[in-house]
Amino acid sequence: MAITLEKTIEALLNGKKYATLRDILMTTNEADIAAIFSELPEENIPLLFRLLPKDMAADTFALMDADQQELLIRGFSDNELKEVFDELYVDDAADIVEEMPANVVKRILANTNPDTRKIINEILKYPEDSAGSLMSVEYISLRPKMTVSDAIKRIRRTITNAETIYTCYVTDDNRHLLGYISVRNLLLSEKEEIIEEIMETTPIYVHTTDDKEDVAKKMGKYDFVTMPVVDVEMRLVGIVMFDDAIDVMQDETTEDIERMAAISPTEESYFKTSDFKHAKNRILWLLVLMLSAMFTGKILDYYETAFSALPLLVGFIPMLMGTGGNCGSQSSTMIIRGMAIDQIHLKDFFKVIWLELRVSLILSLALALVNGVRIMIMYWNNPDKLALSLVISISIIGIVIISQIIGCSLPMLAKKLKLDPAVMAAPLITTIVDAASIFIYFNVAIKFFNL
C-alpha cells in the first residue's frame, strides 16, 4: 500500500496536481507521510511539506529523519520555522534541536517564543540518557482542593497545551507531587467531590536523573501511559510519554543486538551509515576476536604430539568447539535477556550458576549419549572405538558444563563492572569457550590413550 501511495504521489507531483495531492495527504497518517518523504527525492519534500495543514505539518515534521528535518529547516523562512516549532510539543522540539548542527540550532532558537526556548534549554541540560532529557513539560496539573467540576473546567482550558489528558497529576502550590487521577475517574465522580478525596495518593514516579531505560522498564512494569518525573525536592517537572518509552526500548534493543554481534552501536540507520563507518563499527571487535583466537592456536600447538599420534582426534575438534560455543551462546543470551527485562539481578548470581549447572548436566548427558552411540556405530571396526566413544562423551560433558557456566557468568560479571552485559555475547564467549574446549578434549584424550 505504501509503495502504491508513493507512486501515486510521484505521479501527481509530476502532473502538478497539487489540490489532489493535498487531499490525499490530509487523509494519510502523519507517520505514513514521514515514511513516504524518506523515499522521495529531496527536491520534492519541501513542496509536499508546504501542502500539509499547519498542525499536520508539525506532527509529520516530528516523525521525519534528522537529515530531512535539517533540509526543511534550511529552506524555511523565519515565519515558517516559527509556525512549525510553535505547533510542536516541547519535548519533540528539544529532540530535534539536539540532532541539529550548531548553526541550525541557533536559527531554531531565534525563531521560537521565549518560554519555549527556555524550556528547550532546560531539557537539553539533562544528561542524554536521563529521564529529564526524555520528558515532556506539557501535562495537566490539578490542585487537591479543587472540585471535580473545577478540575474538568481546568482540563478544558489547558487541553490544547497538554500532550495527554488521560492522567492528571495533583500538585500543591509549590508543584510537589501529591497524587494523580485519571480522566475516567473524574468523569465517573460527582461534580462536588474534592480531588484529594478521590485521587491516588501513592504515585509512582522517577527522578530527572534516572536512566531512561529504567524509566521505560518501569512504565512497562506498571502498564503506565505516562510516568511523572520529579526533581530532588519532589516537585513535578514533567512526564514521560509511552511513545517515547517505546522509542527508548527500541533503541536499547537495537544497541544490545549490535553489541551481541560484536558491532559498535550507531544511532544512524543501516543505509544512512557510510561504508567507512560500518567498517569502523565492526573492525575493533573483529581484531580483538581474531587476536584472541591465537590462544586456541597455541593450545593446539601444545597438543600437537597427541593428534599426531592419533590423527582421528582432529576430526572431532570442530564438533566439540561448535557444541561448546552454541551452549555458551544460549546461556549468555538467556542471561542478557533476563537482565534486560529485570528478571535476573546481580544478587541472583549463585542461583543462576546453580540453575545453569543443573541444565548443563541434563544437556551434556543427552549429547554425550547420542555421540557415544554414534561413534560406536560409525567406527564399529576400529579397535579403539570404545575408548574414543568415552573420550568424546566425557569431553562433551565437561565442555557443555564449562561453556554454560562461562556463558551465564560473564554477562553478570560485565554488569558488576558497570559494562553492558551484551558485550559478553556470542562472539567473545565463543572465543573463550573454544580455548576451554580444546584444553578439556585433549587432556581427556591424553589420559585415555596414554599419549
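Things to note:
- Pairing residues of the stretch 214-241 that are farther than 17 Å from V137 by Cα with residues that are assigned to a strand (DSSP E or B), at Cβ distances under 6 Å and at least 6 apart in sequence or on separate chains, gives M219/M227.
- Taking the stretch 48-65 as the range and being part of a helix (DSSP H, G or I) and open to solvent by less than 40 Å² (accessible area, probe 1.4 Å) as the test, the residues that pass are L48, F49, L51, M56, A57, A58, T60, F61, A62.
- Residue match in the stretch 332-344 (condition: within 30 Å of K221 (Cα to Cα) and among the hydroxyl-bearing types (S, T, Y)): yes
- Flag if P383 is assigned to a helix (DSSP H, G or I), open to solvent by 20 Å² or more (accessible area, probe 1.4 Å) and at pLDDT below 85: no
- Odd one out for I402 among (1) open to solvent by 20 Å² or more (accessible area, probe 1.4 Å); (2) closer than 19 Å to P311 by Cα; (3) in contact with a helix residue (DSSP H, G or I) (Cβ under 6 Å, 6 or more places away or on another chain); (4) not small (G, A, S): (2)
- Here is the figure for the stretch 118-149: residues that are closer than 18 Å to S182 by Cα and free of Cβ contacts under 8 Å to residues at least 24 places away in the same chain total 0.
- Residues satisfying the stated conditions in the stretch 1-47, i.e. within 28 Å of the chain's Cα centre (by Cα), within 25 Å of S77 (Cα to Cα) and open to solvent by 60 Å² or more (accessible area, probe 1.4 Å): E39
- Pairs, first over 16 Å from A66 (Cβ atoms) in the stretch 31-45, second open to solvent by less than 50 Å² (accessible area, probe 1.4 Å) and at pLDDT 85 or above, C-beta under 6 Å, six or more apart: I33/T60
- For the stretch 405-426, the candidate set comprises residues that are part of a loop (DSSP other than H, G, I, E, B) and among the charged types (D, E, K, R); within that set, the residue that is modelled with the highest pLDDT is K418.
- Residue ID - farthest from L390 (Cα to Cα), chosen from residues in the stretch 437-451 that are without any contact (Cβ under 8 Å) to a residue 24 or more places away in the chain and open to solvent by 80 Å² or more (accessible area, probe 1.4 Å): N450
- Answer residue from the stretch 160-216, given it is among the hydrophobic types (A, V, I, L, M, F, W, C) and surrounded by fewer than 14 Cβ atoms within 10 Å (Cβ to Cβ) and is nearest to E128 (Cα to Cα) among those: I204
- Criterion: at pLDDT 90 or above, among the β-branched types (V, I, T) and not in a loop (DSSP other than H, G, I, E, B) - qualifying residue of I429, I438, I402: I402
The values are calculated or read from the model by the stated rules, or taken from the named source; none is laboratory data. These numbers were taken from a predicted model, which means no experiment stands behind them. Please note: Cβ atoms are built from the backbone with ideal geometry, for glycine as well, and neighbour counts cover all protein chains shown. For the accessible areas, the whole protein counts, side chains as well, though only heavy atoms, and no ligand, DNA or RNA atoms are used. Shrake-Rupley method; radii C 1.70, N 1.55, O 1.52, S 1.80 Å.
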